[in-house]
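One structure below.
The values are calculated or read from the model by the stated rules, or taken from the named source; none is laboratory data. In this text, all values refer to a predicted model and were calculated from it rather than measured experimentally. Cβ placement follows ideal geometry from the backbone for every residue including glycine, while neighbour counts extend to all protein chains displayed.
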Amino acid sequence: MLKFRGGVHPPEGKEATEHKPIETLPLPSRVLVPLSQHLGAPSQPVVKKGDKVFTGSVIGEPGGKVSVPTHAPISGTVVEITELPHPLTGRLVTTIIIESDGNDTLDPSIQEQNLTELTPQQIIEVVKNAGIVGLGGAAFPTFFKLSPPPDKPVDTLIINGCECEPFLTADHRLMLEKTEEIIEGTGYLALALKVSNVIIAVEDNKPDAIQALKEAVAGRDFRVIQLKTKYPQGAEKQLIKACLNREVPSGGLPADVGCIVQNVGTAFAVRNAVRFHRPLYERVVTVTGNGVREPKNLWVRIGTPVKNLIDFCGGYNGEPQKIINGGPMMGIALSSDELPVLKGTSGILVFNRVPELPEQDCIRCARCIQVCPMGLSPTRLNYHIRAKRYATAKSEHLLDCIECGCCAYVCPAKIRLVHTFKFGKAEIARLKV
Ligand code: SF4
Ligand code: SF4
């Protein structure tokens, strides 16, 4: 079995939800849909206050070359278009608020399609029009990844079922409950990329999902491979190294080594788009942590306030100290439970006991260097950034940091390494270093 360098083994914390089938969250009475939910340009509103919309109707058109449309997650009335803080960045973004009519009437364009003559370009177009982005967390527009430049020939598609973040089980449940659909979506992705080498990669802590996928690929030329459970196994560069023994160069992309990675949830969304013209307006979210009474996996409409999810899970278990969008290693703390679920929200974690340990001085133990999967020296990067030596940090490959949090996880001095690296990257961009 191939592997990547570095990495850590945090407690998995998945036992609370890994065996729980996905439940459907009741329709929210209103949704808040930010038009910036993906990397790239935000979409631009094409509705106005008072407009009636169906579930799946376009409410925002792509705002640039790397951008996707946004769709109404429920049917009802647009009651407001306003600027609200983005749940993850805090920056003001245009947000469309829709009040439900309670009917969940589907847009008439959503219906089963005649699939006899699908070309790669047609699939890419459908995926773009459906507003699909990477559902593993990065939220990069999927159609763009399916169109690598001609000078970067792609020979392999990797479907990422690792879900290496602790606590999250949304992908695990999807692989068990929508196995055939994921395989069908994988077929469309392979067709769009014109590749025949297809790998579905899953960590070995999900043997039931591996078994289900192996049965579902029977008769197809797809390989299901089992990878060692180690964080961040699901990060693109580490996954490619573990599956193919190829190294994405510094500053490069998977296409530089002939590979494209897509998440299992993305494959499922692609299947729905190609088969039914169903846009991306809902996803699976794991709601868990010691601060929630009944952890669950839920089908959730995009734009649903986080509080609805918590209420459906029995409410808070005590006083919540931290609510996180995503996993504990790479997730972002939310400032309020009124903020909405986004296309990239794989989990909502609630913790009511979070030890806030003060930072100490670096003791030069080098543990951070040993675990960094990108081969960086986090202690040196931290030193340079705090001394405002951004050019030096850049020359020591700060921009290759994938913000996985392995260094901060092992640091005995509890130095806020990832925070520092995010700040350093932002300063490099701001100062054009
Ligand atoms: S957060 Fe960055 S520096 Fe720290 S271990 Fe991950 S890649 Fe390395
Ligand atoms: S793990 Fe923490 S204390 Fe040890 S060298 Fe790295 S930054 Fe310093």
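Assorted remarks:
- Subset of the range 371-403 (residues that are crowded, with 17+ Cβ neighbours inside 10 Å, under 24 Å from Gln360 (Cβ atoms) and among the β-branched types (Val, Ile, Thr)): Val371, Thr379, Ile385
- Single residue of Gly315, Gly344, Gly327 found to be touching a residue at least 12 places away in the same chain (Cβ under 8 Å), away from ligand 2 (no atom under 16 Å from the Cβ) and on the phi > 0 side of the Ramachandran plot: Gly315
- A residue that is crowded, with 24+ Cβ neighbours inside 10 Å and touching an Asp or Glu at 6+ places or on another chain (Cβ under 6 Å) cannot be found anywhere in the range 307-317.
- Selected residue (only one of Thr89, Thr105, Thr116, Thr94 is of a type in the set (S, T, N, Q) and touching a Ser or Thr at 6+ places or on another chain (Cβ under 6 Å)): Thr105
- Selection status of Lys414, touching a Leu at 6+ places or on another chain (Cβ under 6 Å) and loosely packed, with under 15 Cβ neighbours inside 10 Å: yes
- Residue within the range 64-77 that is farther than 18 Å from Arg283 by Cβ and part of a strand (DSSP E or B) present: yes
- Search result, residues across the range 361-381 that are of a type outside the set (A, V, I, L, M), within 9 Å of ligand 1 (Cβ to nearest atom) and not in a loop (DSSP other than H, G, I, E, B): Cys368, Pro378
- Flag if Val93 is closer than 17 Å to Leu342 by Cβ and touching a Gly at 6+ places or on another chain (Cβ under 9 Å): no
Quick grid of which residues meet (1) under 18 Å from Gln238 (Cα atoms); (2) within 13 Å of ligand 2 (Cβ to nearest atom); (3) touching a helix residue (DSSP H, G or I) at 6+ places or on another chain (Cβ under 7 Å); (4) of a type in the set (D, E, K, R):
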{"residue": "Arg386", "(1), (2), (3), (4)": "no, yes, yes, yes"}
{"residue": "Glu403", "(1), (2), (3), (4)": "yes, no, yes, yes"}
{"residue": "Ala408", "(1), (2), (3), (4)": "no, yes, yes, no"}
{"residue": "Lys422", "(1), (2), (3), (4)": "no, no, no, yes"}
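- The residue that is surrounded by the most Cβ atoms within 10 Å (Cβ to Cβ), among those in the range 110-167 that are among the polar types (S, T, N, Q) and under 12 Å from the mean Cα position of the chain (by Cα), is Thr142.
- Count of residues meeting criterion [near ligand 2 (Cβ under 9 Å from one of its atoms) and either outside the structural domain of Gly424 (by TED's automatic domain parsing) or under 22 Å from His9 (Cα atoms) (or both)] in the range 370-384: 5
- Per-region count, the range 31-63, residues in contact with a Pro (Cβ under 8 Å, 6 or more places away or on another chain) and within 30 Å of Pro295 (Cβ to Cβ): 9
- Within the range 240-299, the set of residues being touching a strand residue (DSSP E or B) at 6+ places or on another chain (Cβ under 6 Å), closer than 23 Å to Ala201 by Cα and among the hydroxyl-bearing types (Ser, Thr, Tyr) comprises Thr286 only.
- Those residues of the range 168-198 which are buried (at least 20 other Cβ atoms within 10 Å of the Cβ) and among the β-branched types (Val, Ile, Thr), in sequence order: Thr169, Thr179, Ile182, Ile183, Thr186, Val198
- Some residue of the range 387-399 being away from ligand 1 (no atom under 15 Å from the Cβ), of a type outside the set (Lys, Arg), part of a loop (DSSP other than H, G, I, E, B) and without any contact (Cβ under 8 Å) to a residue 60 or more places away in the chain: yes
- Matching residues in the range 366-419 - criterion: being small (Gly, Ala, Ser) and out of contact with any Ser or Thr (no Cβ under 8 Å at 6 or more places or on another chain): Gly375, Ser377, Ala387, Ala391, Ala393, Ser395, Gly405, Ala408, Ala413
- Per the listing Pro28, Pro42, the residue uniquely outside any strand (DSSP E or B), surrounded by 15 or more Cβ atoms within 10 Å (Cβ to Cβ) and modelled with pLDDT of 95 or more is Pro28.
- Flag for Gly327 being under 22 Å from the mean Cα position of the chain (by Cα) and within 15 Å of ligand 1 (Cβ to nearest atom): yes
- Residue list for the range 78-123, filter: closer than 30 Å to Leu191 by Cα and modelled with pLDDT of 90 or more: Leu106, Asp107, Pro108, Ser109, Ile110, Gln111, Thr119, Pro120, Gln121, Gln122, Ile123
- When restricted to residues that are under 23 Å from Pro34 (Cβ atoms) and in contact with a Lys or Arg (Cβ under 8 Å, 6 or more places away or on another chain), the range 318-345 contains 6.
- Remark: Arg367 matches the filter, which requires a residue to be surrounded by 15 or more Cβ atoms within 10 Å (Cβ to Cβ), charged (D, E, K, R), farther than 30 Å from Val68 by Cβ and within 16 Å of ligand 2 (Cβ to nearest atom).
- Residues located in the range 212-235, provided they are of a type in the set (D, E, K, R) and either touching a Phe, Trp or Tyr at 6+ places or on another chain (Cβ under 6 Å) or at pLDDT below 95 (or both): Arg220, Asp221, Lys228
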